[in-house]
Structure formats: C-alpha cells, structure tokens
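Below: one structure, written as structure tokens.
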Amino acid sequence: MTLRRLRVLLLSAVLGVGALAANAAPQAPIKIGLGAPISGGDANFGAGLRNGVEMAVHDINATGGVLGHRLSIDIGDDAGDPKQGEAVANEFASDHVALVVGHFNSGVTLLASSIYADNGILEITPSSANPQITERGLDLLFRICGRDDQQAQVAADYLAGLTKTKIAILHDRTTYGKGLADLTRKDLSARGVSEVLYFGVDKDDRDYSSLIERLKASGAGIFYWGGSAAQAVTILKALRDQSLTISMLASDAVASEDVAAQGGEPVLGSLVTFPRDARDRPEAAKVVQQFKAKGIDPEGYTLYAYAAVQVIDQAAEAAHSLDAKAMAKQMHAGMIFHTVLGALSFDAKGDITQADYSIFVWKKAADGTIDFYPLSH
C-alpha cells in the first residue's frame, strides 16, 4: 500500500505573537508525528486522534508554542496495518520527526515503537493497550490509556457475575483482539468460570455463518468480543437476522458512536468496557466546547490524543529541553501532568498510574439516538 503523507503546518494567529516575532528570530518548528489509521476499518478512530492532535497543537501554538518553538504535524496513515505502521515509523525517522503521538492499534505500536526507540524518538500512544507494549523496557515509550489486562479484569468480573449464563469468547485473531480475549479468558478461569466456546475469525472475514452456527450450538447467552467495531456490528446484525438474542460484551475498540450509526437497533443492549467518558471531565469542558464549535464531537480517544500533546508540552517545559531523553526522564520521575483527562502521571514502565475502566451499555435516548452510557446510568 502506498504511504499517504499529509503534512500540516499549524501557525499561531493569536494577537501579540506577531509583535514578539518582530523582536526575536523565529525558532524552527518542532515536528510531531501522528501515526494513525487515517484509512481502513479504524479510520473513524484515526480521525479522532487527528482531531485531538490538531486542536492541541493549535492551542499550544496560540500561546507561543513549546520553549519558543511552534509545533507542526506530520500525519502518517498506518491504515491499522503493522507493516504500514513500520513504513510510517521509518519515514518519520528519516524526516527527523522529534516526537510521535500514536499509534492507535496495538499491533502497529508494537512494531513501530522499536523503530522510534532505535532513532531516539519519544512516543506516546493514546490508545494501544496491549500489556507487552510497555513490558519491553523502552524508555521513550509511554501511553495515556490503561492496559488490556486492566480492561480484561473488569470484563471478567462482570461475566463471572452472570452465574446462570453460558459465556463464549470470540476474537479477530489480531494482536489486540486475541490478546484481550485471552486475558479475559485467563481472568475468568481464575474465577472458576469456563467458556463454552472459544473461537477466532480473521479480521477481513465477511462470512460469519460458521461463527453464528457455533454460537447457536454452544448455548451461550453472551459472548465476549475482542476485535474491531465493524466486525462487532456485522456479528450482531447476523445474530438478530436469525432472531438470536445472544448478548455481547466488547472491548474498547467498539466504543464509537459510529457503531450506532452502522448497527442501529441490533446494537441496543450490547456492553462495552471503556474508561470514564473524557468529555464529562471538568478539565475538558473548555476544549470540548472548542470542538463542538467546529462541529466535532470529541468522542472515543480524541481527548486522549489532545492530552498526549499536553504531556509533550509540559514535559519539555519541565526539562527545559525538547531532547527526548530529557523529557522521558521527567515523565518517569513521577511528574504530575495537568490534562483534559485530569491529573496524570507515569510509572517506570511508561504506563499511567491510574486506569478507570468500567462497563457501558448501548441505549436509546429520549430523542431516539443510540449511544453508550454507564451501566448504572
């Protein structure tokens, strides 16, 4: 696949910046690379990451940039494919990108992060949650989101409480999807619960007849899905077409309003594990209004991407340097970052010190729209 490169230079237009530039030589812009699925099945999530990074860069540039440098964005389309992500990472390195926000998919991040580490590039992923990402001792790699093992524990706790319901575990055979399914399966086993069906389908499969027949034969009342939102919708529609009422508990990749748009009524009652909605945080109120003024709903991981750029800004200021190692040292030292997600800090592995996954349910609001809400809502 041809690498699609979009380079966006965001210049500050705030009053007073012009006067400042007249009295001091302008600093060269600092490149932030955004690695995300701009195309492909996860393009809606890629759009969210892009929106978050672009808004954050605009806001930081409007207040003078970072250490006197304006920020620019290089956008690399990884299409959700690890090999494409590897190509993006290599191109970022050759283009002397200093900092990277991305990638979205865990399989892409696992491959691309080694390239960034070899080239001294600081990377913050807003959404890649596979535990192995931060278990490899890469000092320049961080993530804003929680880990899949934390998410799996929440899913397993819920499923184990359904004492009279048979459980199936399904996945899309990707690093992300199978990894989450296996972690949830392991946590269920530790709670003394065994699934009646464990089954994987290929990410690009279009025929789910075999899967549906296996689900019917298993007698499962609910299935756990580790995989993409598009496949989750297809599976739910296929089940409802056969008047099967088997419920679904899915991972965070299904936490997108596009799921309701694509799935409609069959989505109702489905469950998903996801952190507290960042849009409801008081720290995010001003930025959420900025997005809405542009006709953008900052759902999913949009605000996580915004927060990643905030961390970059604050780490550089604390280190008095844009050197990746100096910034990472501040981040590993327990520094508190003030972001749209609230106060954040990182541990020695590069993980955030607190994660808040919970269960959400897809419901129809009074106006007829379908969205996911906290289960107790």
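The values are calculated or read from the model by the stated rules, or taken from the named source; none is laboratory data. Predicted model only: the values in this text are computed from it and were never measured. Note: ideal-geometry Cβ built from the backbone for every residue, glycine included; neighbour counts use all protein chains shown.
A few notes on this one:
- Pairs where the first residue, in the range 306-328, is buried (at least 16 other Cβ atoms within 10 Å of the Cβ) and the second is of a type in the set (S, T, N, Q) and not in a helix (DSSP H, G or I), C-beta under 9 Å, 6+ apart: Y306/T339; A307/T339; A308/T125; A308/T339; Q310/T339; V311/T339; Q314/T339; M327/S321
- Looking only at residues in the range 256-269 that are of a type in the set (A, V, I, L, M) and part of a helix (DSSP H, G or I), the one that is surrounded by the fewest Cβ atoms within 10 Å (Cβ to Cβ) is A261.
- Flag set for Q290, criterion: polar (S, T, N, Q) and either in contact (Cβ under 8 Å) with a residue 60 or more places away in the chain or in the same structural domain as A260 (by TED's automatic domain parsing) (or both).
- Of the criteria (1) of a type outside the set (A, V, I, L, M); (2) at pLDDT below 95; (3) farther than 24 Å from G226 by Cβ, which one F291 fails: (2)
- Number of residues in the range 105-132 that are surrounded by fewer than 24 Cβ atoms within 10 Å (Cβ to Cβ) and in contact with a strand residue (DSSP E or B) (Cβ under 9 Å, 6 or more places away or on another chain): the value is 2.
- Some residue of the range 165-173 being β-branched (V, I, T) and within 23 Å of Q132 (Cα to Cα): yes
- Residues in the range 205-231 that are free of Cβ contacts under 8 Å to residues at least 60 places away in the same chain, crowded, with 20+ Cβ neighbours inside 10 Å and assigned to a loop (DSSP other than H, G, I, E, B): A220, G227.
- Failed criterion for S194 (all others in (1) touching a helix residue (DSSP H, G or I) at 6+ places or on another chain (Cβ under 8 Å); (2) surrounded by 13 or more Cβ atoms within 10 Å (Cβ to Cβ); (3) more than 21 Å from E265 (Cβ to Cβ) hold): (2)
- Q289 meets all of the listed conditions (1) outside any helix (DSSP H, G or I); (2) over 22 Å from L99 (Cβ atoms) but one, namely (1).
- Residue within the range 240-255 that is modelled with pLDDT under 95, outside any helix (DSSP H, G or I) and under 20 Å from Y357 (Cα atoms) present: yes
- Of G52, G41, G107, all but one fail to be within 30 Å of A230 (Cα to Cα), assigned to a helix (DSSP H, G or I), in contact with a helix residue (DSSP H, G or I) (Cβ under 7 Å, 6 or more places away or on another chain) and at pLDDT below 95; the exception is G107.
Here is a yes/no grid of residues against (1) touching a residue at least 60 places away in the same chain (Cβ under 8 Å); (2) under 21 Å from the mean Cα position of the chain (by Cα); (3) over 30 Å from I30 (Cβ atoms):
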residue	(1), (2), (3)
T134	yes, yes, no
A152	no, yes, yes
D157	no, no, yes
L170	yes, yes, yes
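- Candidates S321, S376: the one that is of a type in the set (S, T, Y), within 17 Å of T273 (Cα to Cα), out of contact with any strand residue (DSSP E or B) (no Cβ under 7 Å at 6 or more places or on another chain) and part of a loop (DSSP other than H, G, I, E, B) is S376.
- Of the residues examined, A129 is not one that is in a strand (DSSP E or B) and among the aliphatic types (A, V, I, L, M).
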